[in-house]
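As structure tokens, the structure follows; a few thoughts come after it.
The values are calculated or read from the model by the stated rules, or taken from the named source; none is laboratory data. All figures in this text were calculated on a predicted structure; none of them were measured in a lab. Positions of Cβ are backbone-derived with ideal geometry, glycine not excepted, and every protein chain shown enters the neighbour counts.
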Amino acid sequence: MIERSATEIAAAVNGRQASAVEVLDAQLAQVERVEPSIGAFLSATADLARRQALLVDEAVAAGRRLPLAGVPLAVKDNMCLSGTVTTAGSRILEHWVAPYTATAVQRLLDAGCVPVGKANLDEFAMGSSCENSALGVTRNPWDLRRVPGGSSGGSVAAVAAREAALATASDTGGSIREPAAFCGVVGMKPTYGRVSRYGLIAFASSLDQIGPIARTVEDAAAMYDVMAGHDPMDATSLPRPVEPTATALRGDLRGVRVGLVREFDTKGLGQEIDALYRRAYEKLAALGAEVVEVALPHAEYGLATYYLIAPAEASSNLARFDGVRYGLRVEGANVQEMYAKTRAAGFGPEVKRRILIGTYALSSGYYDAYYVRAQKARTLMAADFEQAFAQCDLIACPAASSAAFEFGAKGDDPVAMYLMDFYTIPMSLAGVPALSVPCGFVRDGESELPMGLQLVAPLYQEARLFAAAHAYEQATRFTLDRAPASLEGVR
Amino acid sequence: MSSDSSPAAGGGIDVTYVARLARLELSPEEAALYQRQLDNVLEHVALLQNLDVSGVAPTAQVVPLTNVLREDEYRPSLDRSQALAGAPSREGAYFAVPQIMEEQA
């Protein structure tokens, strides 16, 4: 049962061929088998899961059909789930219990999902490898010596390792798409504002967006359909209707113009990766797409823009962690000293670096030169996408510049890690929806490591995005019939 | 180079000064490490200085929403005990903090 897709599990539970409790028992047994080697979760929510599974079975017995009935779910630990410890991967929230549930998570519960645990992440979602978690190590199921990507490392590892059929994730500059690529799963960042961020611990509020992680495009679409839609509890939530996507999937790309980005040429990524992306683009053409070249002339400024705007917003958002209302407190002689000591003890190095950069970019004398200039560059980047989408319906490009790397590979230069976000940041700045779908494997020593194809659509065109990704996935099936190497022998 | 009232002269980040603004205590080792690392980051973001942004309006966020308001009416929220439950220190119905104001002589 745990090998099945979320869609298949929901059909079986709704059709009473299996109960949600049976699915949960099988799921928890799998978690017990593989979790010691994977480490996807910071905490288990087994009691809550059992109560929820019983409720789902009662609802189904009473004649209700739930779109995700009995589907095991991992919840990224920067999302509130009432009564569970919700840490954001940080010491400062290590023992904090959420007093309410995030809207996106609540909608999944209402749709019948069964939450099995809270998934690891880079602290406050700041990172591209999950190595910045203060509370746990998550390994890539395709090669345990490698990182799962980040920041949603626990979410993607859990889904790849069959510890959950679906996982929630959040993406600020690539935190859904890069780890999805690294772990060979589907990860999708909706249009900014599509999914409510109420109950998501804020990182950079003008960029943060919640999206689905799944093993198939159909599952990701079904999960998106449940989460998306206006929420009065989030003032940035879009008050526009959401088109269903899971019922609009396609088997071909006839009539779709796919843009390849001139500035995203893959020659510099090495021969093997270059060849892999060329094959991916050829497959899109073979499925009927008309392939055209487009330009994103300001893409090269993406990293610089992002690494001013995101830290600036983070420094402001994280001001709330001061030892007063929640989390850790370290006592000091006066209130100022208490703040400074609490934050020194509670935050890890990457969070401190971003608070410092952000505070600097917003400080008197530098505000215009850094922060406002970055906001203007952001305008140019959004205009780039508008112009590109005048010539194409979708953009195709890499989701990351390499496959998963080994722990510690990026050393202590933060810029080396930031470069992992090169292909994902422009879409975040422009707010457009984008996803990563597996597009093959590269060999590194004894390991075969998955890579991700990123597809990007204009604002609000999530249905188009899922439809194309589904056609590509069904025609290639890179990970549909193949499980990660580390699971062999324990499955 | 650093003072409580002004940023470092001549550009560049003065980590010790900025850490004070951010209410973040740093050990001397941390300050030295972050100084080096953040100099690298700022060297990278300096790329933006090459970009001509004259006449470009800044983008704060990409969603066409302004002044999102709701009806001014009562609706349920967390009760006081729930709101206080995660606090490291509380006194009765309040969050408790160390003394903020100095006593008058």
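When you scan segment A:169-179, do you find a residue that is under 16 Å from the mean Cα position of the chain (by Cα) and farther than 25 Å from A:Leu429 by Cβ, even just one?
Scanning segment A:169-179, I find no residue that is under 16 Å from the mean Cα position of the chain (by Cα) and farther than 25 Å from A:Leu429 by Cβ, so the answer is no.
What residue, among those in segment A:133-161 that are buried (at least 24 other Cβ atoms within 10 Å of the Cβ) and out of contact with any strand residue (DSSP E or B) (no Cβ under 9 Å at 6 or more places or on another chain), is nearest to A:Met420 (Cα to Cα)?
Taking the candidates together, the pick is A:Gly150.
Please enumerate the residues belonging to segment A:302-325 that are surrounded by fewer than 24 Cβ atoms within 10 Å (Cβ to Cβ), touching a residue at least 60 places away in the same chain (Cβ under 8 Å) and facing chain B (nearest Cβ under 9 Å).
Result: A:Leu303, single match.
Output the residues belonging to segment A:95-131 that are among the polar types (S, T, N, Q) and more than 27 Å from A:Gln30 (Cβ to Cβ).
A:Thr103, A:Ser128
Listed here are the residues, each with its yes/no results for (1) under 28 Å from the mean Cα position of the chain (by Cα); (2) buried (at least 21 other Cβ atoms within 10 Å of the Cβ).
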{"position": "A:Gly327", "(1), (2)": "yes, yes"}
{"position": "A:Thr342", "(1), (2)": "no, yes"}
{"position": "A:Phe347", "(1), (2)": "yes, yes"}
{"position": "A:Gln375", "(1), (2)": "yes, yes"}
{"position": "A:Ala396", "(1), (2)": "yes, yes"}
{"position": "A:Ala400", "(1), (2)": "yes, yes"}
{"position": "A:Asp412", "(1), (2)": "yes, no"}
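With A:Ala340, A:Ala345 as the choices, which residue is modelled with pLDDT of 95 or more, assigned to a helix (DSSP H, G or I) and at the interface with chain B (Cβ under 8 Å from one of its Cβ atoms)?
Going through A:Ala340, A:Ala345 in turn, the sole match is A:Ala340.
Would you check if A:Glu58 is at pLDDT 95 or above and either farther than 30 Å from A:Arg145 by Cβ or part of a loop (DSSP other than H, G, I, E, B) (or both)?
Judged against the criteria, A:Glu58 is a match.
What number of residues within segment A:132-149 satisfy the criterion of being among the hydroxyl-bearing types (Ser, Thr, Tyr) and more than 12 Å from A:Pro36 (Cα to Cα)?
Narrowing segment A:132-149 to residues among the hydroxyl-bearing types (Ser, Thr, Tyr): A:133, A:138.
Keeping just the survivors that are more than 12 Å from A:Pro36 (Cα to Cα) gives A:133.
Residues in segment A:132-149 being among the hydroxyl-bearing types (Ser, Thr, Tyr) and more than 12 Å from A:Pro36 (Cα to Cα): 1 in total.
Looking at segment A:225-238, is at least one residue more than 19 Å from the chain's Cα centre (by Cα) and either part of a strand (DSSP E or B) or small (Gly, Ala, Ser) (or both)?
Yes, the conditions are met somewhere in segment A:225-238.
Considering only residues that are more than 7 Å from chain A (Cβ to nearest Cβ), assigned to a loop (DSSP other than H, G, I, E, B) and surrounded by 10 or more Cβ atoms within 10 Å (Cβ to Cβ), which ones fall in segment B:80-105?
B:Ala96
From the set of residues in segment B:11-42 that are acidic (Asp, Glu) and part of a helix (DSSP H, G or I), which is nearest to the other protein chains (Cβ to nearest Cβ)?
To start, the set of residues in segment B:11-42 that are acidic (Asp, Glu) comprises B:14, B:25, B:29-30, B:39.
After this cut, where a residue has to be part of a helix (DSSP H, G or I) as well, the list is B:29-30, B:39.
On the way: B:Glu29: 11, B:Glu30: 7, B:Asp39: 11 Å.
Among those residues, the one meeting the criterion is B:Glu30.
Can you tell me which of (1) facing another protein chain (nearest Cβ under 7 Å); (2) among the hydrophobic types (A, V, I, L, M, F, W, C); (3) not in a helix (DSSP H, G or I) is the one A:Leu356 doesn't meet?
(3)
For segment B:32-51, does any single residue satisfy the condition of being without any contact (Cβ under 8 Å) to a residue 12 or more places away in the chain, within 23 Å of A:Val351 (Cβ to Cβ), among the small types (Gly, Ala, Ser) and buried (at least 17 other Cβ atoms within 10 Å of the Cβ)?
no
Hey, can you tell me all the residues within segment A:377-394 that are small (Gly, Ala, Ser) and surrounded by fewer than 23 Cβ atoms within 10 Å (Cβ to Cβ)?
Selection gives A:Ala382, A:Ala383, A:Ala390.
Within segment A:444-480, how many residues are at pLDDT 95 or above and part of a strand (DSSP E or B)?
Within segment A:444-480, the first condition is being at pLDDT 95 or above, and the residues that meet it are A:448-480.
Remaining after also requiring part of a strand (DSSP E or B): A:448-456.
Final tally of qualifying residues: 9.
Testing A:Pro232 on (1) within 13 Å of chain B (Cβ to nearest Cβ); (2) over 24 Å from A:Asn140 (Cα atoms); (3) in contact (Cβ under 8 Å) with a residue 24 or more places away in the chain, one condition comes back false. Which one is that?
Status for A:Pro232: all satisfied but (3).
Out of all the residues in segment B:43-64, which are outside any helix (DSSP H, G or I) and either facing another protein chain (nearest Cβ under 7 Å) or among the acidic types (Asp, Glu) (or both)?
B:Leu51, B:Asp52, B:Val53, B:Val56, B:Ala57, B:Pro58, B:Thr59, B:Ala60, B:Gln61, B:Val62, B:Val63
Evaluate segment A:71-86: report whether one residue or more is touching a residue at least 40 places away in the same chain (Cβ under 8 Å) and more than 30 Å from A:Leu238 (Cβ to Cβ). Even if it seems obvious, please write down each step before you answer.
As a first pass, look at segment A:71-86 and keep what is touching a residue at least 40 places away in the same chain (Cβ under 8 Å): A:71-80, A:84-86.
Now restrict to residues that are more than 30 Å from A:Leu238 (Cβ to Cβ): A:85.
Yes; the residues of segment A:71-86 include at least one that is touching a residue at least 40 places away in the same chain (Cβ under 8 Å) and more than 30 Å from A:Leu238 (Cβ to Cβ).
Name the residues in segment A:90-108 that are in a helix (DSSP H, G or I) and more than 18 Å from A:Val56 (Cβ to Cβ), would you?
A:Arg91, A:Ile92, A:Leu93, A:Thr103, A:Ala104
Assuming A:Tyr367 fulfils every condition listed in (1) farther than 25 Å from A:Ala181 by Cα; (2) among the hydroxyl-bearing types (Ser, Thr, Tyr); (3) more than 9 Å from chain B (Cβ to nearest Cβ); (4) in contact (Cβ under 8 Å) with a residue 40 or more places away in the chain apart from one, which condition is it?
Every condition holds for A:Tyr367 apart from (4).
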